[in-house]
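Here the structure comes first, spelled out in structure tokens, and everything after it is commentary.
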Amino acid sequence: MELRQLQYFVAAAKAEHFTKAAQRLNIVQSALSSSVRALEQELNAQLFVRTTRKVRLTAAGRALLEKAEIVLEAAKDAREAVSAVAQAKSGKLNLGTVQGLPAFVDLPFLLARFHKRHPHIDVRLIQGGAAHLLEKVRNGKLDLAFLPMFDPPSDIATITIACEELVVVCNKAHSLASSQVVSLDEIAAHAFVEFEQDLGTRKIIDDLFLTANIDRKIAFEVSDLGTLMELVGHGLGIALVPESVARSRAQILSVCRLKEADACWEVVLASSATSGDALPRRFEEIIGSDAAGIEV
């Protein structure tokens, strides 16, 4: 049973005439008659009493008409719902972000801009570690995620949002405070304040020291940027942070650059490479057209 067959059947039932129904549907009468006969054969029931002047429904036909109209109306609603989502008139958008993102992207501004353009879209935002968010993108629980990434997997599509140099921050009384440029070897001799595993810049910095084959001491592991910077400010350790974060606290902390030029924090907007959903593309358009939301 196809929707087209039900459409032809309902048209014939309302017109009580095959030829008139075919004209209203803009099809030939033989096509409508064949469709109705096929429907009767599938249901093993006669749907119309046919005369030379008109047709009228049988008891089986009246029963089918009631259900057919419900089915066709539901199909119409389904098409409209899909169209509304495709045109970003309704639907849900699930976003993920790592902590500390506001240093790079004014996410509240972007969300407000998106809501203004698409007020009927429900947006859900969650925070988490990069690996956790990436897995949610893979399994379809997130449409988009802001996270740090060097080499995106083949099943993940990315748009680069920001790329910032990592710099060293320390208390102004620290022995490194007077330095302009330092090496990984030099800073490895000092205690670090670091993010917990899979949070913030942790993996990037771990990989940096691992590649250089240098050990370091991590004195504190925290889950948020504010606590990390406060511990550094109290002289309890040093940290590697994105330059924009360091400069925002330049009055209370000392900042020095690394000799290693590849120490960079890159944030991307990640999505499934196979996703064809319209809503994520609409949000990406906000990113691409609104440089005011990107602070680099």
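The values are calculated or read from the model by the stated rules, or taken from the named source; none is laboratory data. Since the structure is predicted, the reported quantities are computational estimates derived from the model, not experimental observations. All Cβ positions, glycine included, derive from the backbone under ideal geometry; neighbour counts span all protein chains shown. Heavy atoms of the whole protein, side chains included, go into the accessibility calculation; ligands, DNA and RNA do not. Shrake-Rupley method; radii C 1.70, N 1.55, O 1.52, S 1.80 Å.
Points worth noting:
- Helix-only arithmetic for the chain: the sum of -39500 (n - 2.57) across DSSP H runs with n ≥ 4, divided by the residue total, places the mean residue ellipticity at 222 nm at -13000 deg cm²/dmol.
- FRET efficiency, 1/(1 + (r/R0)^6) with R0 41 Å, evaluated for R37 and D77 via beta carbons: 0.90
- Solvent exposure ordering (accessible area, 1.4 Å, most first) of T274, T58: T274, T58
- Which listed pairs, of K54/K76; K92/K116; K217/K259; K172/K203; K76/K141, have C-alpha distances above 25 Å, in listed order: K54/K76; K172/K203; K76/K141
- Using a simple spin-label model with pseudo-atoms 7 Å out from Cα toward Cβ, Q180 and N213 lie 3.2 nm apart.
- Neighbour cut-off at most 11 other Cβ (10 Å), DSSP loop, trypsin sites (Lys or Arg not before Pro), segment 34-82: R53
- Dipole size of the chain about its Cα centre, with +1 on Lys/Arg Cβ and -1 on Asp/Glu Cβ: approximately 2420 debye, rounded to the nearest 20.
- Formal net charge of residues neighbouring Q197 (Cβ-Cβ distance under 12 Å; K, R +1; D, E -1): -3
- Loop-located trypsin sites (Lys or Arg not before Pro) in segment 130-215 (DSSP state other than H, G, I, E, B) with a sparse environment of at most 16 neighbouring Cβ atoms within 10 Å: K141, K172.
- Simple rule: put +1 on each Lys or Arg Cβ and -1 on each Asp or Glu Cβ in the chain, find the dipole, and look at I252, G226, P108; the Cα lying farthest toward the positive end is P108.
- Each DSSP beta bridge with both residues in segment 163-265 is either parallel or antiparallel, and the antiparallel ones are about 55%.
- Near-label residues of segment 170-209 by backbone N, under 19 Å of a point 7 Å along Cα→Cβ of D224: 193-202
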